[in-house]
Amino acid sequence: MNNHLIFSGVDVTQIAKEYATPLYVMSHDILIERIRLLKSVFTEVYPNTRILYASKAFLNTGMVQILKSEGIGMDVVSGGELYTGLMGGMDPEDIFFHGNNKSPEELGFALGERVGTIVVDNLYELKQLRELTASKGIRQKILLRLSPGLKAINTHAYIVTGQRDTKFGFQIDRTLFEKTIPEILKDPGLSLEGFHFHIGSQLFEGETYIKAFHVILDLVKELKATYAYLPRVLNIGGGFGIPYDDKTEPLDMEKLFREIMTQIDEGFAVLGAPRPQVIIEPGRWIAGPAGITLYTLGAIKTIKNTRTYVAIDGGMADNIRPALYSARYAADVANKINKEKSQVYTIAGRACESGDILIWDVLLPTIESGDLLAVYHTGAYNFSMANNYNRFLIPPVVLVKDGKTQLMVKGQTYEDLIQRDIKL
């Protein structure tokens with residue numbers, strides 16, 4: 001055991017032995033620790049604030065139970081995420097429904113379940129929602145998602161969302177000010193609670209959030225002067241970065257929120273208006289460090305004077321992020337945790353794609369086939385983006401809690417792969 005990796009108090013070689021690999025492992029303790037740390041630097045410091053978990057990072061009914069137990073709401077982006085939240089026991093009032101192309105069926109489902117807030121993304125959705133609320137005779141709370149026209153600093157192009165050229169949100173222009181918002185304010189079926197923006201993901205500074213806030217504040221000044229309207233809610237999204245290697249400094253959340261909230265408080269004070277409720281939507285920041293993935297190492301291929309490849313029993317089907325975003329991960333040989341790291345290896349996935357490389361050129365102890373690899377910080381966007389490419393099975397999720405393990409999500413079987421097929 002002295003040479004084995006211990007994760008959340010449990011020997012991971014024993015977890016792999018019991019459940020097989022590839023395997024997602026989530027720590028209940030780390031999830032709770034992350035949530036409570038956020039509370040301690042945000043909701044417990046600044047009155048009239050709220051945390052919503054960005055469900056797309058990692059979601060199943062067990063995760064919903066954890067969120068509910070900690071008093072955390074959810075942001076969802078699809079009917080499937082909404083259904084999972086409801087089946088996990090989340091109060092519909094604590095669910096915010098996002099998405100840039102919600103279907104009429106999804107909107108109807110949300111209205112029927114009395115979802116707390118719908119975050120309206122565009123005119124097409126707004127038209128559908130107005131028709132649905134009118135036909136049902138109900139009044140629905142909404143936020144408008146706005147695009148502040150800012151590009152996030154030092155993050156991948158695929159996870160930048162707040163720039164001018166984006167598929168997300170309303171452009172802040174005269175049409176929004178002179179037509180869209182006034183029509184909403186007059187609509188008896190809609191209650192415009194405020195505004196939402198989301199700049200992007202993997203952000204490590206507060207500057208872009210603050211710039212985005214001031215763009216929104218300029219709009220609010222005009223709305224107050226022209227329509228006597230003030231937002232009751234300001235949702236600044238998430239995107240809080242986490243380090244995936246030891247070269248990246250963790251984000252100082254206390255400092256970040258101090259900088260952001262100071263600007264928001266001062267901005268509304270100058271406006272002579274009460275500060276609205278401020279909402280954040282962390283996903284990766286909560287779930288990412290709470291997860292590791294375990295793989296068994298198999299084929300070893302050495303190309304003289306070039307590189308040594310070591311293949312795992314997983315790959316881009318269970319972690320597509322390296323192929324999609326060039327995401328980088330840290331890893332250890334879990335059954336040789338104290339051995340000297342003296343060899344450089346490239347960790348290759350088993351998908352039939354040359355781009356299925358999990359980690360390039362990582363320093364590890366001498367590897368043998370059958371060794372166990374642990375990849376860190378895989379709690380976010382690994383299980384949630386898992387797929388059946390090459391008809392690989394989606395691995396199970398195991399939760400570690402109080403020194404014991406339990407299945408959180410069953411792994412797929414070959415029978416699962418074809419259960420929806422229809423023979424011709």
Every pair of residues 6+ apart whose Cβ atoms lie under 6 Å, when the first sits in segment 12-35 and is among the aromatic types (Phe, Trp, Tyr) while the second is assigned to a helix (DSSP H, G or I): Tyr24/Phe383
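For the condition closer than 23 Å to Thr43 by Cα and buried (at least 19 other Cβ atoms within 10 Å of the Cβ), what is the one hit in Ala110, Ala57? Explain how you work it out, then say what you get.
Details: Ala110 fails: closer than 23 Å to Thr43 by Cα.
None of the other options fit; the residue is Ala57.
Conditions (1) crowded, with 19+ Cβ neighbours inside 10 Å; (2) hydrophobic (A, V, I, L, M, F, W, C), marked per residue:
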residue: Val362; (1), (2): yes, yes
residue: Glu368; (1), (2): no, no
residue: Asn382; (1), (2): yes, no
residue: Asn387; (1), (2): no, no
residue: Val397; (1), (2): yes, yes
residue: Gly403; (1), (2): no, no
residue: Leu407; (1), (2): no, yes
residue: Gly411; (1), (2): no, no
residue: Ile418; (1), (2): no, yes
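What do you reckon, is Tyr244 farther than 28 Å from Ala380 by Cβ and in the same structural domain as His98 (by TED's automatic domain parsing)? Spell out how you get there, then give the answer.
On the way: farther than 28 Å from Ala380 by Cβ: no; in the same structural domain as His98 (by TED's automatic domain parsing): yes.
When the stated conditions are applied, Tyr244 does not pass them.
For every residue, the table says whether it meets (1) under 25 Å from Val119 (Cα atoms); (2) among the acidic types (Asp, Glu); (3) part of a helix (DSSP H, G or I); (4) outside the structural domain of Leu363 (by TED's automatic domain parsing).
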site	(1), (2), (3), (4)
Lys255	no, no, yes, yes
Arg258	no, no, yes, yes
Val270	no, no, yes, yes
Arg275	yes, no, no, yes
Thr302	no, no, no, no
Thr308	no, no, no, no
Check Gln343 against each of (1) of a type outside the set (A, V, I, L, M); (2) touching a Phe, Trp or Tyr at 6+ places or on another chain (Cβ under 7 Å); (3) more than 30 Å from Ser55 (Cα to Cα) and name the one condition it does not meet. (2)
Go through segment 96-108 and give me each residue that's small (Gly, Ala, Ser) and assigned to a helix (DSSP H, G or I). Gly108
Suppose we keep only residues that are outside any helix (DSSP H, G or I) and closer than 18 Å to Ser69 by Cβ within segment 14-53. Which one would you say is nearest to the chain's Cα centre (by Cα)? Tyr53
Does Glu131 satisfy the condition of being acidic (Asp, Glu), out of contact with any Ser or Thr (no Cβ under 7 Å at 6 or more places or on another chain) and crowded, with 16+ Cβ neighbours inside 10 Å? no
Looking only at residues that are closer than 29 Å to Asp245 by Cβ and assigned to a strand (DSSP E or B) in segment 154-207, which one is modelled with the highest pLDDT? Leu203
Can you pull out the residues in segment 5-22 that are buried (at least 18 other Cβ atoms within 10 Å of the Cβ) and in contact with a Gly (Cβ under 7 Å, 6 or more places away or on another chain)? Val10, Pro22
If you take the residues in segment 292-347 that are at positive phi and within 32 Å of the chain's Cα centre (by Cα), which one is surrounded by the fewest Cβ atoms within 10 Å (Cβ to Cβ)? Ser326
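Mind listing whichever residues of segment 372-415 are in a helix (DSSP H, G or I) and farther than 27 Å from Ile242 by Cα? Reasoning before the result, please.
At the first step, the residues of segment 372-415 found to be in a helix (DSSP H, G or I) are 383-385, 389-391, 414-415.
Correct list: Tyr389, Asn390, Arg391, Tyr414, Glu415.
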Sole miss for Ala225 among (1) in a helix (DSSP H, G or I); (2) touching a residue at least 24 places away in the same chain (Cβ under 8 Å) is condition (2)
Mind counting the residues in segment 228-261 that are surrounded by fewer than 13 Cβ atoms within 10 Å (Cβ to Cβ) and closer than 18 Å to Ile184 by Cβ? 1
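Within segment 69-79, identify whether any single residue is over 21 Å from Met385 (Cβ atoms) and among the aliphatic types (A, V, I, L, M), and answer yes or no. Please lay out each step first, then the result.
Let us first name the residues in segment 69-79 that are over 21 Å from Met385 (Cβ atoms), namely 69-73.
From what is left, the residues that are among the aliphatic types (A, V, I, L, M) are 72.
Scanning segment 69-79 turns up at least one residue that is over 21 Å from Met385 (Cβ atoms) and among the aliphatic types (A, V, I, L, M).
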Of everything in segment 64-95, what is over 21 Å from Asp121 (Cβ atoms), of a type in the set (A, V, I, L, M) and part of a helix (DSSP H, G or I)? Give them in sequence order. Val64, Ile66, Leu67, Leu86, Met87
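The values are calculated or read from the model by the stated rules, or taken from the named source; none is laboratory data. Keep in mind it's a predicted model, so treat the numbers as computed, not measured. Glycine gets a Cβ as well: all are built from the backbone with ideal geometry, and neighbour counts include every protein chain shown.
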